[in-house]
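Notes follow the structure.
The values are calculated or read from the model by the stated rules, or taken from the named source; none is laboratory data. The structure displayed is predicted, hence computed values, not measured ones. Note that we place each Cβ from the backbone using ideal geometry, even for glycine, and neighbour counts take in every protein chain shown. Each accessible area value is taken on the protein alone, full model and side chains, heavy atoms only, with ligands, DNA and RNA left out. Shrake-Rupley method; radii C 1.70, N 1.55, O 1.52, S 1.80 Å.
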Amino acid sequence: MIDFYLNGRRQRCSDVTADTSILELLRTRIGQTGTKEGCASGDCGACTVAIGEPDAGGELVYHNANACITPAHQLDGCHLVTVEGLASGERLHPAQAAMVDCHGSQCGFCTPGIVMSLFTLYENQRRHPAPLTQARLEEALGGNLCRCTGYRPIRDAALSMGDYPAADPAWAEDAGLAGNVAWLRRPRSGEPAAEGHYVAPQDIKALRALKAKRPTARLVAGGTDLWLETTQQLKPLADIIDVRQVTEMNAIEETADGWWIGAAVTLARLTPLLAESYPAFEHLMHRFASSQIRNRATLGGNIANASPIGDTPPVLLAIDARVRLDGPRGVRELPLADFFLDYKRTALADDEFIAAIFLPRPAAGANLKVWKLSKRREDDISAVLAAFAWTLEDGVMRDVHLAFGGMAAIPRRAPAAEAALEGRAPDAEAFAAARAALAEELTPMSDVRGSAEYRRVAAGNLLERLRLMIAAEGGQAANNNSDSHDSATKVTLDAYAH
């Protein structure tokens with residue numbers, strides 16, 4: 001049973017298969033067809049909806065998400081808003097009215113998704129007023145593609161919708177809605193009920209028990225990669241354990257040495273912590289897919305996916321992250337470098353799962369640079385991702401960590417290249433030796449995003465970029481707490497790299 005609210009009205013849907021998406025539920029079961037299917041892979045944003053969940057104060061907070069790759073069962077205890085739920089009679093919501101007046105639509109196929117992203121931006125502005133900068137607009141709309149209108153009218157609509165008179169949907173006038181949604185999310189005791197082999201435990205003890213009984217069940221958190229198996233490869237996902245509600249896996253625990261990040265913590269929720277301690281990592285998040293994806297995707301899922309071109313593993317390798325594995329046979333920890341074994345193979349046993357990831361607190365004087373190469377600036381997968389960590393002591397490099405994605409069957413560090421820089425001044429000779437070592441120790445792949453030769457040259461060029469950056473700043477690279485937009489590095493880096 002999926003028990004949720006849709007545009008202010010309660011819905012109870014039974015006999016929903018495990019691999020049903022929100023999009024399928026809307027269009028084939030409920031008959032709400034305003035939400036469109038474009039790519040069925042979370043890239044185009046035509047299917048964007050808004051999902052409301054109660055915050056600590058009981059207020060519903062909305063985020064945009066791709067309905068095509070979000071499990072329908074994750075609507076349980078939520079308020080789903082679709083494009084049909086914005087207008088109140090003939091009165092349009094400001095996001096809709098602005099799109100009409102700014103001529104932000106032509107064929108209209110992508111328009112419902114764009115309007116829903118504008119709606120969540122509007123709601124966020126209402127809760128936390130702030131200037132709508134270009135960066136914020138790109139973050140809000142970077143996951144919505146439009147083939148025919150062009151983005152200037154859509155941008156104009158985003159900038160002007162706050163000037164329209166407030167026009168809340170009818171459901172927003174229901175003072176009891178937030179409380180009704182919160183009641184659906186009440187804690188439940190005992191083993192979770194399974195429907196259609198989709199089960200969502202609420203604590204780690206129940207998850208351990210389920211993994212003992214169903215070791216081959218697929219785990220899902222955000223579903224942003226797993227769900228492509230059913231939408232793109234047409235594979236059935238019949239046995240699913242949803243970890244999104246596991247309390248312990250949603251916690252962020254600070255210690256004297258760093259932070260344990262629960263594996264079900266979303267990237268959107270993690271970003272503020274990164275902004276304070278790892279600005280380069282936080283800046284990467286603005287180029288990690290789209291807001292729709294970051295609102296659902298988790299750090300644990302990006303690691304467990306074990307993709308050689310995943311964005312976060314190289315950064316985590318560069319900062320010496322660790323993982324905590326859990327299961328019915330107990331808990332163990334290991335360095336992330338020992339987790340990846342081979343292409344799509346990890347150290348996880350069949351009955352284990354990632355419970356948390358440890359981010360160490362940056363040491364004094366530590367530096368981190370993260371550079372991503374992709375065909376598009378927005379909403380794209382890396383061809384090469386490099387993460388470089390080091391300190392400078394008395395003019396020489398120490399604790400050098402060079403990690404790459406897209407350069408091997410697994411995300412990995414480059415120990416020979418690191419050794420070429422360790423204890424040496426960051427000069428041309430040392431970096432030439434590091435580039436030579438890198439070319440020998442990593443064997444990149446060829447695919448649609450780049451040839452092996454392109455990746456080899458690009459990785460070496462990123463090392464040279466690091467040398468030029470250090471030289472441009474007089475040997476004192478911007479540390480973790482710096483965000484200098486006037487730095488000499490600005491002319492050599494793209495607008496999103498720090």
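Before moving on, here are some points about what is shown:
- Secondary structure note: in the stretch 1-94, about 90% of the DSSP beta bridges are antiparallel.
- Student exercise, the stretch 211-357 dipole from Lys, Arg, Asp, Glu Cβ charges, in Debye to nearest 20: 500 debye
- Sorting 52-62, 385-395 by their mean Cβ neighbour count within 10 Å, with the most densely packed peptide first, gives 385-395, 52-62.
- Subtracting the Cα-Cα distance of D239 and E333 from their residue separation scaled by 0.36 nm leaves 31.1 nm.
- Residues A166 and E253, FRET efficiency given R0 of 41 Å [Cβ-Cβ distance, rounded to 0.05]: 0.55
- Of the residues H286, T298, G77, the one whose Cα sits farthest towards the positive end of the charge dipole of the chain is G77 (charges of +1 on Lys and Arg Cβ, -1 on Asp and Glu Cβ, taken about the Cα centre).
- Length released on extending from R377 to A472, taking residue separation times 0.36 nm less the Cα-Cα span: 31.7 nm
- Evaluated with a Cβ-only charge set (Lys, Arg +1; Asp, Glu -1), the stretch 94-163 carries a dipole of roughly 80 debye about its Cα centre, given to the nearest 20.
- Take the stretch 94-163 with all the other protein chains still there, run a 1.4 Å probe, and you get 47 Å² of accessible area per residue.
- Alpha carbon Rg of the stretch 18-163, scaled by the compact-globule rule 2.2 N^0.38 Å: 1.00
- Taken over the C-alpha atoms, the stretch 311-422 has Rg and Dmax values of 15.5, 50 angstrom.
- Overall dimensions of the stretch 251-495, expressed as equivalent-ellipsoid semi-axes from the Cα gyration tensor (√(5λ), whole Å, largest first), are 27, 20, 18.
- With 31 Å as the limit, the listed pairs K213/K235; K213/K344; K235/K375; K211/K372; K205/K369 have K211/K372; K205/K369 beyond it between alpha carbons.
- Around the Cα centre of the chain, unit charges on the Cβ atoms of Lys, Arg, Asp and Glu (plus for the first two, minus for the last two) sum to a dipole of about 740 debye.
- Taken over the chain, the percentage of Cα pairs per 20 Å bin, counting from 0 up to the bin with the maximum distance, is 23, 54, 23, 1.
- Calculated SAXS-style log₁₀ I(q)/I(0) at q = 0.16, 0.19 Å⁻¹ - the stretch 380-432, Debye, Cα scatterers: -0.50, -0.66
- Equivalent ellipsoid semi-axes, the stretch 94-163, via Cα gyration tensor eigenvalues times 5, rooted, Å: 19, 12, 10
- Of the peptides 258-266, 82-90, the ranking by mean beta-carbon count within 10 Å, highest at the top, reads 258-266, 82-90.
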